[in-house]
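First the structure, in the form of structure tokens, and then the observations on it.
The values are calculated or read from the model by the stated rules, or taken from the named source; none is laboratory data. Treat the numbers as computed from the prediction; the structure is a model and nothing was measured. Glycine also receives a Cβ, built like all others from the backbone with ideal geometry; neighbour counts cover every protein chain displayed. These accessible areas exclude ligands, DNA and RNA; they are computed on the full protein's heavy atoms, side chains included. Shrake-Rupley method; radii C 1.70, N 1.55, O 1.52, S 1.80 Å.
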Amino acid sequence: MSGPKTLKLADAEAFAARILVGVGVPQDGARLVARHLASSDASGYQSHGLSLLPLYVGEIEAGRVDPGATGTWLKESGPILVVDGERGFGAPLVYPALERAAAVAREVGVALLAVRNVHHLGRIGAFAELAAEQGLASMHFCNVVGREPVVVPAGGREPRFVTNPIAIGIPRPGDFPVVLDIATSGIALNKARVAHDRGEQVGEGFLIDADGRPTLDPAVLFSEPKGALLPFGAHKGSGLAILGELLAGAVTGGLTIAPRNTRDGSTLNNMLSVLIQPDHVAGAGWGSEAETLIEYLHSCAPVDPAQPVLVPGEPEARARAAAERGGITYPASIWSALNGLAGRLGLEA
């Protein structure tokens, strides 16, 4: 196994794009997917970064994702936009779709974007960040279909959904946006996968084995009989996961994870996004009130003086600043897998 590797952000993007082009993804689409993955690494989410490339390549080779799909617009009427991803990659579809929805929200105050049948969307918080860059508040509800469920509902021991992430963002002109980006499970499946690949355990309260007993070993998710992820906060996370399933899976016109729908091993997402121009609602003064609240939160005395109180989005902003200065370090387990993938495709790592 090779050792850890540190790459500049631009080099990580270029490396990921070369791999994707090498398996048939068009240049423009590969660039957007690569940027989305590398940005996740830079933001501190290596579970949603370049470590996903082996999965993506495998999905292409198995015919479960169309690398050239650009999506079909089904509706653009007033503030409502609906697009079908045609099983294509998420980033090349969603980033342009959000730009179109953002233009509508700036004009009329709000836009509702429904995205259905698109390959893995990755880190959902990136879409809230994009909206915030354009001065928009946003909410994003996502579900996962095509795969076997891995998360149990509160009180259950049989999985009924996947991690169904939610992201909510608020813009802050001149500073990092406030962005809450969470899986509705205690940890994201990809974080459990990364821990498993590193031979590490996870914290308490995240996993049960096949008999419903608590465990710290992520291997229960990747061996038979399979265990499951727990929702965060018991009924709270479970309830949000169910609502994400309904909003993203049913209200968008996509599919839910109900067993009547196909489970072919693909990683398909549906997402319902609401974009809001706050000035249309509160006038220009709302930002001052928001900053006052953030200052109040930052003034809270921390339990540990070395760990100040942060607001959502702040850890990611700090991680990105550090990555810009010192690059992204990929641990040996991830870099070895990427090296092997590049070699198999006849590319130089």
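Expressed as a fraction of 2.2 N^0.38 Å, the rule-of-thumb size for a compact globular protein of N residues, what is the C-alpha radius of gyration of segment 81-128? Let's see the in-between values first.
Working: Rg = 10.8 Å, N = 48, 2.2 N^0.38 = 9.6 Å.
Taking the Cα Rg and dividing by 2.2 N^0.38 Å, one obtains 1.13.
Taking a straight Cα-Cα cut-off under 13 Å and skipping sequence neighbours fewer than 8 places away in the same chain, the aspartates and glutamates within cross-link reach of LYS226 are GLU148, GLU158, ASP209, ASP211, ASP217.
Using a 1.4 angstrom probe, figure out how much accessible area segment 283-335 has per residue, in square angstrom, rounded to the nearest whole. Could you put the intermediate results ahead of the total?
Working: 3260 Å² over 53 residues.
On a per-residue basis, 62 Å².
Share of carbon and sulfur in the accessible area of the chain stands at 56%, probe radius 1.4 Å.
Run the numbers for ALA62 and GLU148: contour at 0.36 nm per residue of separation, minus the present Cα-Cα distance, in nm.
Working: separation 86, 0.36 × 86 = 30.96 nm, distance 1.69 nm.
Net length gain for the segment: 29.3 nm.
Taking segment 19-155 on its own, what percent of its Cα-Cα pair distances exceed 22 Å? Walk me through the intermediate numbers first.
Values: 3722 of 9316 pairs.
When every Cα pair of segment 19-155 is considered, 40 percent fall beyond 22 Å.
Labels on offer are (1) 29, 25, 24; (2) 35, 21, 19; (3) 33, 26, 23, and the one holding semi-axes √(5λ) of the Cα gyration tensor in Å computed from this structure is (1). Largest mean-square fluctuation among HIS119, HIS298, HIS36, in a Gaussian network model of the chain whose springs join Cα atoms under 10 Å apart, belongs to HIS298.
Using R₀ = 41 Å, calculate the FRET efficiency as 1/(1 + (r/R₀)^6) where r is the Cβ-Cβ separation of TYR95 and ARG157; round to 0.05.
0.60
Taking Cα centre as origin and charging only the Cβ of basic (Lys, Arg, +1) and acidic (Asp, Glu, -1) residues, the dipole magnitude of the chain rounds to 580 debye.
Label separation (THR6 vs GLN201): 3.1 nm, computed from points 7 Å beyond Cα along the C-beta direction.
By the rule of a C-alpha distance below 25 Å, with chain neighbours fewer than 8 residues away ignored, the lysines paired with LYS5 are LYS191. Springs between Cα atoms under 10 Å define the GNM used for the chain, and in it the highest mean-square fluctuation of ASP41, ASP264, ASP66 occurs at ASP264. Taken as Cα centroids, segment 290-343 and segment 201-277 sit 25 Å apart, rounded to the nearest whole angstrom. Percent of C-alpha pairs per 5 Å bin in segment 209-336, short distances first: 2, 7, 7, 9, 13, 16, 18, 14, 8, 5, 1, 0. In this simple spin-label model, placing a label point 7 Å from the Cα along the Cα-to-Cβ direction at both ARG260 and LEU310 gives a separation of 4.5 nm. Sorting the segments 318-331, 168-181 by their residues' average number of neighbouring beta-carbon atoms within 10 angstrom, most packed first, yields 168-181, 318-331.
What FRET efficiency comes out for the pair GLU289/ALA322, r = Cβ-Cβ distance, R0 = 25 Å, nearest 0.05? All intermediate terms of the calculation are to be shown ahead of the outcome.
On the way: r = 30 Å, r/R0 = 1.22.
My answer for the efficiency is 0.25.
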